[in-house]
Amino acid sequence: MKQTRRSFLRRSAAAATGLAAVAAALSPLRELEEGQMPDLEGFLQKHYKEMSEEEMVRALERIEARVEKDYGVRAQVSDVRAQDGVEFVYALNLSRCIGCRRCVHACVAENNQSRAPEIQYIRVLEMPRGTLDLEKGNHHYDHPTVPDDDHYYLPVQCHQCANPPCTKVCPVEATWTEPDGITVIDYDWCIGCRYCEAACPYWARRFNFTKPEIPKEEVNPRMSYLSNRPRPSGVMEKCTFCLHKTRNGELPACLEVCPVGARKFGNVLDPESEVRKILEKKRVFVLKEEANTLPRFFYYFDERYAAGGGPEPGGAPNHSLPADDVPKGSAPAGSGEHGEHGEGG
Amino acid sequence: MQSHAPPSGPATSTRPAATPESTRERWAAGAKEYGVFLFRCFRLSFVGNRTYHLWMLGLTVVALLGLNAYCKQFVSGLVTTGMTDQVSWGMYIANFTFLVGMAAAAVMLVIPVYIYKSKELHDLVIFGELLAVSSIIMCLMFVTVDLGRPDRFHHLFLRFNWPISMLTWDVLVLNGYLLLNVHICGYLIFCAYQGRKPSRLFYIPFVFLAIFWAVSIHTVTAFLYSGLVARPFWNSAVVAPRFLASAFAAGPAFLILTVQVIRRATAYQVPKQALQTLRNVVTVALTIHLFLLGSELFTEFYTDSAHAASAKYLFFGLEGFYGLVPWIWTSIAMNLTAITLLYLPGRENVTRLNVACVLMILGIWIEKGMGLIVPGFVPTPLGEIVEYTPTLNETLVCLGIWAGGLLIYTILVRVTVPVLTGELRSDRNGIPEPK
Amino acid sequence: MIPDSRSSSAAPGEDRTIDVPSPEPASSGGANRAPDGTQRGPGFFVAFCLLATALWILGTGGASNVVPDLGGTPSFDRAQLTTASPRTPLAHPPQLFLNGFERSCEDCHATFEPGERAAAARSESERVQHVDIVISHGRNDRCLGCHHADDRNSLSLLDGTPIRFDAAEQLCRECHGLVGRDWEAGTHGRTHGSWRTGSPEQSRLTCTECHDPHSPAFPRIAPLPGPNTLRLPPPSERPPHSAEPLWPRSAIEASRVNDASRGPH
């Protein structure tokens, strides 16, 4: 009898302490914030492409409520769709870019990216002259002023490929290319496996390693489902060419802020568009063409304009300047001082 | 230790060995018997000597620490790991890759047994397949803890990007392999428990399927990496054969160690010949593995293209970053020592074999983790170099999963051995209980 | 592995009534039983260990304890993210606020005699008015290179045709033909408002909305903060980026030899 009682006691002690240990191990789950786990409706929310109009309206309302709760901001969340006859293309003039990183931070402000930990869609590489090898680029240049004489600058962001390696690896089709050429992510569908991040040859995708932190006063209240609404923790995000702006005819934030006009954006299907003219007339290239990703993001150079204010081909040929006392052959002081940027265009 | 009388179920008194009257009743009786079997196994898994208890207690404690670490990660996000946007896969995926190899290795025992009718390995097959089952379970756990949104796991069922995404292939082959092995082991063990001869129809086709399947799980896992144009370090056709060769070295090496533990700790007698056969398997696999590794390195370094940056970082360091250099050379040294030990005269020495196996397992583990996954991310496609160091929390999660997996493997072996030795038998058909 | 408790147990009969050898979960200490059948330790030892584990786990703190310093973007003046055009050029006719009065150029320049007017166009060193203007426009370093000699409220083409201040691009492209054509095609310069060609919202900045005509090169500016992503070491610990020479190529050869002699570490 004593035997049984003791054995029962030992069994109970082991079981009780075992349960206690399991409970202790699970205890961090108490810290789950309300709303961190999806509610039933959120859990049952369908894939973006499968949602009916009413379901989308409800989803947008949920997002607005979530944003108000998390950031104290009344946001307007819309679902803006691609237009027919539009294929967006970006072109970036490497002869112009001065590496000021205005685009990087304008993008962050527009797209409600996390400030801590920092998430940025655009990386500006400072490249030594004489190479296009990205591994020679410096991501962390910190001169008092730019451009630096010995370098040129190469901003990289999502190239919105026509043959994207990132979308094909996604196991749940949470990322796809829209008819207007923009590759998007359904942040409510992504499971966070980061396979697309490994697959992108341009390192254009970012992961929310924790809940993004955005100061309340810096939240951009104009949001859309597929682009700049605040992302939940544990999902991927990326550049969407600011589709909430561009699908309404506006220009992306990185372009609007560029002080030197190095960025060009438009509809490549329109023969009169600026990007189309660039593709037809300029020396254009894409990064890592051997990867056959068919980017919609092109880089180009200007022709080397005649430096020093001298007449150019196409300008008025050999007019002498009206001031009659210009010394002949005076060296143009300071002209072309930093390559293309110094040219008095 | 061997004098333990096998359990006799309450069934003896409650349910006489009746002749079933209909199919339905036969099924019901079978289900009940299976339930009793599972219950006995459950009870049995708590029974053991002091070493067994200490081992299980240790694993439980580590597993609980891992569970706790994972709960913290679940709440705070993957920020608790050392991973970054630059190195977006780390220890979790590295361990996953290694364990897929371990799981695939069970096939190395199945092939000689069922194709070449090798007698001495026959009894080992079951332990190999149990290893496969536990390894796959660990794999699935490692993938799950790597997910940013495990709560959305069901999205896999709703929009499955098959056959485009290699990850969906991996989900299919891993789970399929798990089911296959659970079926084969479960069927064979249950038949042994019932004391009847297994029907060939119910397992031989599955065994042959499992052979192909085992190759496929590691091939598909290799394709996860080798299909990425963004990562030149992985973008090589040799990755899949390398994976298979290293798996067929590490897996049987692990079994060699397991078999000796079983031999010492239980009544189950594994033929000595089996060890020698396994040693041959391991030797050949490791040789092929090192040859393939050499081919890869030659191509990288002799070509000396920009694509060799990751390999340079791994073996020699890049621009002042040397984080993986000591690891990879340790791994190479371990593998070379192991192969030397295996080829030297007097290789029948079991201690030496064990040393070689331990070195080989560690060497291959380092090579697939630190040596394959991490350098694929360094430098990034934009040339940035950010090093990866696992955090304590991440390491605890890994250790927890390993402990959980070993716990499962121990329990599976612990209940299988008495079944195979006849100590744990069904009493349904009136088979006399061996004393 | 299978305990010998059954054979050595003092009460085998009791245990035989159930189907599994030992009813004691996680605590069957068969090997630990004293010969007299009393049981010691392991059951309570396991319990003790599990309890210790529970306390240990609780002692490690909550989920926030394992979150590292998130770093984040350093603050900067957000006014720098302006989308306004870099300059506001003069309107036509140019209005200046001088001595408390709104004046046009001609209000003053009309008072000069024709001979003095020419003098006003002399080189920088001779300039007595507008000395605050720095001309850094290459060879085009005379006022009358662009300003009209007889009508200061206008600019002048090369052939002397007066043009309005807000049509300066006609003047600029007389010298900068390629850029002018690029600008016209939209491949040079900044476009505001919309990407839709011909949309009323779309506007293209003119030359002087970006460039100071007296000194057209863009001034250098301070870059905004560089990346400070998760787990990036502080700037002081980021090794200097490789300054390997790219040319002359012979120098690369030399640096390789040096590297090799230094060894990997």
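The values are calculated or read from the model by the stated rules, or taken from the named source; none is laboratory data. None of the values given here were measured: they were computed from a predicted structure. Note that we place each Cβ from the backbone using ideal geometry, even for glycine, and neighbour counts take in every protein chain shown.
For the structure I just gave you, tell me whether A:A253 is under 13 Å from the mean Cα position of the chain (by Cα) and of a type in the set (A, V, I, L, M). Steps first, please.
Working: under 13 Å from the mean Cα position of the chain (by Cα): yes; of a type in the set (A, V, I, L, M): yes.
Criteria met by A:A253.
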*Yes or no: C:E184 touching a Cys at 6+ places or on another chain (Cβ under 7 Å) and either more than 9 Å from chain A (Cβ to nearest Cβ) or modelled with pLDDT under 90 (or both)?*
no
_Single residue of region B:247-262 satisfying the filter (within 14 Å of B:M102 (Cα to Cα) and either more than 13 Å from the chain's Cα centre (by Cα) or free of Cβ contacts under 8 Å to residues at least 12 places away in the same chain (or both)) that is surrounded by the fewest Cβ atoms within 10 Å (Cβ to Cβ)_ = B:L257
_Matching residues in region A:94-139 - criterion: being at the interface with another protein chain (Cβ under 7 Å from one of its Cβ atoms), closer than 25 Å to C:F218 by Cα and basic (K, R)_ = A:R101, A:R102, A:R123
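Could you tell me whether any residue of region A:192-213 is over 16 Å from A:T167 (Cα atoms) and away from chain B (no Cβ under 12 Å)?
The first filter runs over region A:192-213 and keeps only residues over 16 Å from A:T167 (Cα atoms), leaving A:208-213.
Imposing the further condition that a residue be away from chain B (no Cβ under 12 Å) reduces the set to none.
No.
Quick check: is even one residue across region B:56-74 in a loop (DSSP other than H, G, I, E, B), modelled with pLDDT of 95 or more and more than 10 Å from chain A (Cβ to nearest Cβ)?
If we filter region B:56-74 for residues that are in a loop (DSSP other than H, G, I, E, B), which is where we start, we get none.
No, region B:56-74 has no match at all.
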*Which condition does B:E300 not pass, out of (1) crowded, with 19+ Cβ neighbours inside 10 Å; (2) farther than 21 Å from B:L131 by Cα; (3) under 22 Å from the mean Cα position of the chain (by Cα); (4) away from every other protein chain (no Cβ under 14 Å), if it passes all the others?*
(3)
*Can you pull out the residues in region B:391-420 that are touching a Gly at 6+ places or on another chain (Cβ under 7 Å) and under 23 Å from B:T84 (Cβ atoms)?*
B:T391, B:E394, B:L396, B:V397, B:L399, B:G400, B:I401
*What are the residues in region C:46-97 that are in a helix (DSSP H, G or I), without any contact (Cβ under 8 Å) to a residue 12 or more places away in the chain and within 19 Å of A:G18 (Cβ to Cβ), if any?*
C:F48, C:C49, C:L50, C:L51, C:A52, C:T53, C:A54, C:L55, C:W56, C:I57, C:L58, C:G59
*State whether one or more residues within region B:149-158 are acidic (D, E), farther than 30 Å from B:F377 by Cα and surrounded by fewer than 20 Cβ atoms within 10 Å (Cβ to Cβ).*
no
_Criterion: without any contact (Cβ under 8 Å) to a residue 40 or more places away in the chain, closer than 30 Å to B:I385 by Cβ and charged (D, E, K, R) - qualifying residue of C:R220, C:R142, C:R181_ = C:R220
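What helices (runs of 4 or more DSSP H) completely inside region B:288-404 contain at least 2 residues that are over 21 Å from B:I93 (Cα atoms) and aliphatic (A, V, I, L, M)? If you could, list the steps in order and put the result at the bottom.
Details: elements: B:309-315, B:325-343, B:350-368.
Filter on region B:288-404 gives B:325-343, B:350-368.
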*Please give the number of the condition C:E201 fails out of (1) touching a Gly at 6+ places or on another chain (Cβ under 6 Å); (2) surrounded by 18 or more Cβ atoms within 10 Å (Cβ to Cβ); (3) not hydrophobic (A, V, I, L, M, F, W, C).*
(2)
*Just one of (1) surrounded by fewer than 24 Cβ atoms within 10 Å (Cβ to Cβ); (2) within 12 Å of chain A (Cβ to nearest Cβ); (3) modelled with pLDDT of 95 or more trips up B:I137, so point out which.*
(2)
_For region A:140-154, give me each residue that is within 14 Å of chain B (Cβ to nearest Cβ) and buried (at least 22 other Cβ atoms within 10 Å of the Cβ)._
A:Y153
*Hey, A:A14 hits all of (1) part of a helix (DSSP H, G or I); (2) at pLDDT 95 or above but one; which does it fall short on?*
(2)
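Can A:G309 be described as modelled with pLDDT under 95, within 24 Å of A:Y152 (Cα to Cα) and within 27 Å of the chain's Cα centre (by Cα)? Give the derivation first.
Numbers: modelled with pLDDT under 95: yes; within 24 Å of A:Y152 (Cα to Cα): yes; within 27 Å of the chain's Cα centre (by Cα): no.
Answer is no for this residue.
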*Restricting to region A:232-252, what's the tally of residues that are within 14 Å of chain B (Cβ to nearest Cβ) and under 18 Å from A:A106 (Cα atoms)?*
3
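Out of B:A333, B:A265, B:A274, B:A309, I need the residue that is under 28 Å from B:P418 (Cα atoms) and more than 21 Å from the chain's Cα centre (by Cα). Which one? Break it down into steps so the answer makes sense when it comes.
Values: B:A333 fails: under 28 Å from B:P418 (Cα atoms); B:A274 fails: more than 21 Å from the chain's Cα centre (by Cα); B:A309 fails: under 28 Å from B:P418 (Cα atoms).
Just a single option satisfies the conditions, and that option is B:A265.
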_Name the residue that is surrounded by the most Cβ atoms within 10 Å (Cβ to Cβ), counting only residues in region B:41-55 that are touching a residue at least 12 places away in the same chain (Cβ under 8 Å), more than 7 Å from chain C (Cβ to nearest Cβ) and not polar (S, T, N, Q)._
B:C41
*Taking interchain pairs and intrachain pairs at least six residues apart, which have beta carbon atoms under 6 angstrom, with the first residue in region B:27-40 and within 14 Å of chain C (Cβ to nearest Cβ) and in contact (Cβ under 8 Å) with a residue 24 or more places away in the chain and the second among the charged types (D, E, K, R) and surrounded by 13 or more Cβ atoms within 10 Å (Cβ to Cβ)?*
B:E33/B:R428
*Determine whether B:V220 is touching a helix residue (DSSP H, G or I) at 6+ places or on another chain (Cβ under 7 Å), of a type in the set (A, V, I, L, M, F, W, C) and crowded, with 19+ Cβ neighbours inside 10 Å.*
yes
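Yes/no matrix, rows are residues, columns are (1) in contact with a Ser or Thr (Cβ under 8 Å, 6 or more places away or on another chain); (2) without any contact (Cβ under 8 Å) to a residue 24 or more places away in the chain:
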position	(1), (2)
A:V260	no, no
A:K264	yes, no
A:K277	yes, yes
A:E289	no, yes
A:D302	yes, no
*Which ones in region A:1-40 are closer than 30 Å to A:R231 by Cα, surrounded by 12 or more Cβ atoms within 10 Å (Cβ to Cβ) and either more than 7 Å from chain C (Cβ to nearest Cβ) or among the small types (G, A, S) (or both)?*
A:A25, A:L26, A:S27, A:L29, A:L32, A:G35, A:Q36, A:M37, A:P38
